1. Starting from the Cα of residue 53, step 7 Å along the direction of its Cβ; do the same at residue 87; then give the gap between the two resulting points in nm.
2. Please turn the phi angles of the range 54-70 into ³J(HN,Hα) values with the Karplus equation 6.51 cos²θ - 1.76 cosθ + 1.60 (θ = phi - 60°), one per residue in order, whole Hz, x for glycine and proline.
3. Tell me, what is the FRET efficiency for residue 36 and residue 124 to the nearest 0.05, using R0 = 25 angstrom and their Cβ-Cβ distance as r?
Amino acid sequence: MATLWRLSVLCGAREGRALHHSGSKAASLHWTGERVVSVLLLGLIPAAYLNPSSAMDYSLAATLTLHSHWGIGQVVTDYVHGDAVQKAAKTGLLVLSAFTFAGLCYFNYHDVGICKAVAMLWKL
């Protein structure tokens, strides 16, 4: 959860900060951060297939969680109207993302990990 929060802060996605104003530095940094994570995933997924390891499992957990958090956050911003409802939806999204990251880390530590789980599914 702390890693997700740090990455969001580094890219200007702090709660209460208006990212949708055109021309703002925070929006520019957020946009750049989204693109960096997307490109990182393009390389990370084949690398995880070729070299499955604990480091790859945790890297996938962090980047997939962050990528989905930002994507669903944009859906909330675009389609949820009303300040109170939008704030509740964003809070719920933050909780969901934290549980997702914690669950993936738990799975990586106590079970086979993301890379081996996907390989096991492919063998079916």
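1. 4.5
2. Couplings: 5, 4, 5, 4, 6, 5, 5, 4, 5, 6, 5, 5, 5, 4, 6, 4, 5 Hz.
3. Calculated value: 0.15.
All of the numbers you see were taken from the coordinates with simple rules; none came from a lab. No experiment lies behind these values; they were computed from the predicted model shown. Don't worry about glycine lacking a Cβ; one is built from the backbone with ideal geometry, like all the others, and counts go over all protein chains shown.
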